[in-house]
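Only the coordinates and a few stated rules stand behind these numbers; no lab work does. What you are looking at is a predicted structure, and each value in this text was computed from that prediction instead of being measured. Quick reminder, even Gly has a Cβ in these numbers, built from the backbone with ideal geometry, and neighbours come from all protein chains shown.
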Amino acid sequence: MKKIIGLVSLLLLTSACTKVELGSHIIKQIDPSVYAKNKGNFKVGNTYKVKGKRYTPKETYSFTQTGIASWYGPNFHGKLTANGEIYNQNDITAAHKTLQMPSIVRVTNLENGKSIIVRVNDRGPFAHNRIIDLSSRSADLLDIKRKGTAKVRIEVLPDESREVARMAKAGQPTRGMEIAYNKGQKAHKAVQTAGLTPEYQPRLTPKVKAPPASTYQAASYTPPQTITPHASGMYTTKPVAVENLVKTYAVQPSNIYVQTASFSNKVSAERFASTLQRYGSTKIREVAINGRNYYRVKLGPLNDVAHADSMLSTLIADGYNDALIVVDTQG
């Protein structure tokens, strides 16, 4: 790993090395001194609050979530991310509100079956109850940009996430690991071959110090900073041949709901559901968590994301502050 280079230039692969066909991926060339300072760190963080909502980050290697994905606009390109990189809209990355950074996550578009592996290196999204904010490149690969949002499932990949965590904790850059994982290769070989390194950072950005071994750090939000390379190293984008990064799975039925509450007692859930009838159809979903049964009360199914957004706004205005948009793949 010592040979991982701090300057990402054109990314050429030689025939003597492991073949990593990075197709249609664009990597920008930046002054190496910028990378030396902004290679990214391992970050978790304490509970924090944004727009009145509290979020508790946690280091976890077993995590699955379904909901609505959005994507970063171009204004965040070149700004600092929550873990100290420089955000590159052409990289396959994402923001999540609570996962450790970096972590490796598979994102599947439940509407078209397209699936890619992304590297989480930022906090967010904090608007409209979205569960993940994708880079421009990630959104392109999942075919999300035309609509702006999509129903998705996200799954933390445990082995890959542990590997990038070890690298980040050791002060090594992790940028480009997501490409290697998408190609099904051992990350350290692919990264050495490609000469990949770090680069980026964003927007509503938690300023967090390196956490002690068993504790989290408090996160506070500061205005985004923009990293400006030296004149000789201005941002330049150079396309690199990269193909077959996207997997496609059979599309399974999925529906959008607004979840309003969760109970450990079924009778209580039914009683609560009866008070929501003025908003529309209700449904109670039983789930088992750590050996205990819970009963989630939801409104729906709803026609689309716009309908869910409207319903969520109405419920929050009426005092249901814990309401959230969810996607149910079980009907």
Practice task
Please list, in chain and number order, the residues 5+ apart from Phe263 or on another chain whose amide H is under 5 Å from its amide H, with Hs placed from the backbone.
Solution key: Tyr295, Arg296, Val297
Problem - Loop GluC sites (Glu not before Pro), region 243-329 (other Cβ atoms within 10 Å of the site Cβ: 11 or fewer; DSSP) - result: Glu243
Practice task
With a cut-off of at most 12 other beta carbons within 10 Å, and DSSP calling the residue loop, which trypsin sites (Lys or Arg not before Pro) in region 52-120 qualify? Please list them.
Solution key: none
Handout entry: Pairs beyond 22 Å (Cα-Cα), from Lys53/Lys97; Lys39/Lys145; Lys97/Lys247; Lys43/Lys114; Lys151/Lys266
Key = Lys39/Lys145; Lys97/Lys247; Lys43/Lys114; Lys151/Lys266
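Can you classify region 286-331 as rounded, prolate or oblate using the Cα gyration tensor, where a ≥ b ≥ c are the square roots of its eigenvalues, rounded means a/c under 1.5, and otherwise it's prolate if a/b beats b/c and oblate if not?
Oblate shape, in that a/c is at least 1.5 and b/c is the bigger or equal ratio.
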Exercise for the section: For Phe63, enumerate residues with amide H under 5 Å from its amide H, sequence gap 5+ or separate chain, H modeled in the peptide plane. Expected result: Val156
Completion exercise
The long-range amide H neighbours of Lys114, using H built 1.01 Å from N in the peptide plane and a cut-off of under 5 Å, are Asn109, Tyr249
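Shape call for region 255-328 from the C-alpha gyration tensor, a ≥ b ≥ c root eigenvalues: rounded (a/c under 1.5), prolate (a/b greater than b/c) or oblate? Kindly include the intermediate steps, with their values, before the conclusion.
Working: a/c = 1.93, a/b = 1.51, b/c = 1.28.
Prolate, since a/c reaches 1.5 and a/b exceeds b/c.
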Exercise for the section: Count the net charge of all other residues whose Cβ sits under 12 Å from the Cβ of Gly113, scoring Lys and Arg as +1 and Asp and Glu as -1. Expected result: +2
Practice task
Using the number of other C-beta atoms within 10 angstrom as an exposure proxy, rank Met311, Met101 with the fewest first.
Solution key: Met311, Met101
Handout entry: Karplus-derived 3J(HN,Hα), 6.51/-1.76/1.60, for each residue of region 277-287, Hz, glycine and proline x
Key = 4, 5, 8, x, 5, 10, 8, 10, 10, 8, 9
